[in-house]
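Only one structure is covered here, and it is reproduced in the block below.
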Amino acid sequence: MRLSRYFMPVLKENPVDAQIVSHRLMLRAGMIKQSSAGIYSWLPMGFKVLKKIEDIVHEEQQRAGHMPMLMPTIQSADLWRESGRYDAFGDEMLRIKDRHDRDMLFTPTAEELITDIFRAHVGSYKDLPLTLYQIQWKFRDEIRPRFGVMRGREFYMKDGYNFDLTKEAALHAYNRHLVSYLRTYERMGLQAIPMRADSGAMGGDNTHEFLVLAETGESEVFYDSAVTDLTFGDRAIDYDSVAQCQGVLEEFTTKYARTDETHDEALFNQIPEERRRVARGIEVGQIFYFGTKYSEALNATVDDGQGGKTPVHMGSHGIGVSRLLGAIIEASHDDKGIIWPEGVTPFHCGIVNLKQGDEAADAACDGLYSALTNAGLEPLYDDRKERAGGKFATMDLIGLPWRITVGPRGLKNGVVEVTSRRSGVSEEMTPEAAVAKVAAIYAAL
Ligand code: ATP
Ligand code: MG
């Protein structure tokens, strides 16, 4: 993409209404535009990152054996009356009437609808286990939408639902989700710590939230600093193996890490003092096992193979896909702008032409552009007639992890400059070596 043709309405001034850095930077980099409170348009660059995050979530869910599908955003109130949540959800539910005066709603989550699909089509234990998921827009009429996409009213969420014959099988599904979530967040360059949480209105007592540590986080968290040393890395895991998934769960959840709702001061004080941490975190996901709560309420049963019928054991598992943009920026920025992790960056590499109109510089940039593109990468070429300082400031603001700078002086010696956004370190090399270097970084992801 050539920057001169791209729609990226960068703001020069800091927006006054943005209280936290991720919101400020998303507005300044022209990624989103508010349309009404807590509701945003996703401009091309914001949309690109949203899709990258969504792609990672899809890949990791399918790697774990979960099946993608899509349910409607507008649902009838009937099912929600059946489960008892139509009233329980309160003012957060956006209620709508259609022209026939029927009660409809914009889905805040989809336990009822998925359970209805299940009860219509699945009747036997032989069809289990089953895990279905979607990535779909949700609406919750939050009392205080704020912090940009972090607490929106309309937001993009992955919600997955497992159906199992027994509690043991459903707990395996729970563990499998925990493992897949660890992989998902790490691929986005994030450390998200599973913490024991409160199940609230969802019911059930097995639940973990995944929290990204950040001063601007809305949750107060308490943990043993040893949990921040744990990484999942690129270990191979067999998602069908009960023992392996259980092993990962134990490794990542045995040390103390809790949200304020479940915090236990006495237990916390058993951690050596120098390892006790009280901090803030952003909730980027949550997994639940809630047993037969919805299957009993909605009569979702299967033949148990012994002549009886039994309600299925269920869990639901969410990832805040749109919130993740904010969380990633909170965790990865400096005073000049965003620093995208390679896994989610909107463009793989920036190309800065220091002297647009100079024949050699223009030709070298065009050459780099096609070589990067042929290597399967997406460069963003700043081909505007602007001062070098302005071009660098824009690249730093939008945070592409790698920048190749091309100028007539370097070209006389046959070199361009490759700069890491994260470290700020620059290296001179031939254009061919620059392409090979950037390509190798992404090939290793
Ligand atoms: P919160 O406690 O932050 O209100 P929640 O626990 O009600 O969130 P869940 O029902 O667990 O949310 O939804 C799954 C995920 O969706 C959350 O972990 C979070 O990342 C994301 N999410 C929830 N509410 C919002 C929102 N208003 N805006 C953006 N993302 C959200
Ligand atoms: Mg939650």
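Details
- Working from Cα pairs under 8 Å separated by at least six residues, relative contact order for the chain is 16 percent.
- Along the axis of the charge dipole computed for the chain (Cβ charges of +1 for Lys and Arg, -1 for Asp and Glu, origin at the Cα centre), the listed residues F290, A361, F232 are led at the positive end by A361.
- Cα-based shape type of segment 63-151, given that a ≥ b ≥ c are square roots of the gyration tensor eigenvalues and the cut on a/c is 1.5: oblate
- Three-way shape call for segment 3-338 based on the alpha-carbon gyration tensor, with the a/c threshold at 1.5: oblate
- Cβ-Cβ FRET estimate between L445 and V278, R0 fixed at 35 Å, reported to 0.05: 0.55
- Of the residues A327, L105, A388, the one whose Cα sits farthest toward the positive end of the charge dipole of the chain, with +1 on the Cβ of Lys and Arg and -1 on the Cβ of Asp and Glu, is A388.
- Measuring between alpha carbons in the structure, the pairs from K52/K126; K52/K138; K158/K309; K12/K51; K158/K293; K48/K437 lying more than 29 angstrom apart are K52/K126; K158/K309.
- For I441, I398, I96, order by how many other beta-carbon atoms lie within 10 Å, fewest first: I96, I441, I398
- Near-label residues of segment 53-79 by backbone N, under 20 Å of a point 7 Å along Cα→Cβ of I39: 72-77
- Estimated FRET transfer efficiency (T73, K412; beta-carbon r; R0 56 Å; 0.05): 0.45
- Helical mean residue ellipticity (222 nm; -39500 (n - 2.57) per DSSP H run of 4+; nearest 500) of the chain: -10000 deg cm²/dmol
- Within the same chain, aspartates and glutamates fewer than 8 places from K385 are excluded, and of the rest, those with a Cα less than 14 Å from its Cα are D358, E359, D362.
- The charge dipole of the chain, taken about the Cα centre with unit charges on the Cβ atoms of Lys, Arg (+1) and Asp, Glu (-1), comes to about 1420 debye, rounded to the nearest 20.
- Ranking of V179, V312, V415, V425 by neighbouring Cβ atoms within 10 Å, starting from the fewest: V425, V415, V179, V312.
- Residues V416, V242, V49, ranked from the fewest to the most other C-beta atoms within 10 Å, line up as V242, V49, V416.
Any read-out appearing in this document is the output of simple, stated calculations on the displayed coordinates, not a laboratory observation. As the structure is a prediction and not an experimental result, all values here were calculated from the model. Every residue, glycine among them, receives a Cβ derived from its backbone with ideal geometry; neighbour counts consider all protein chains shown.
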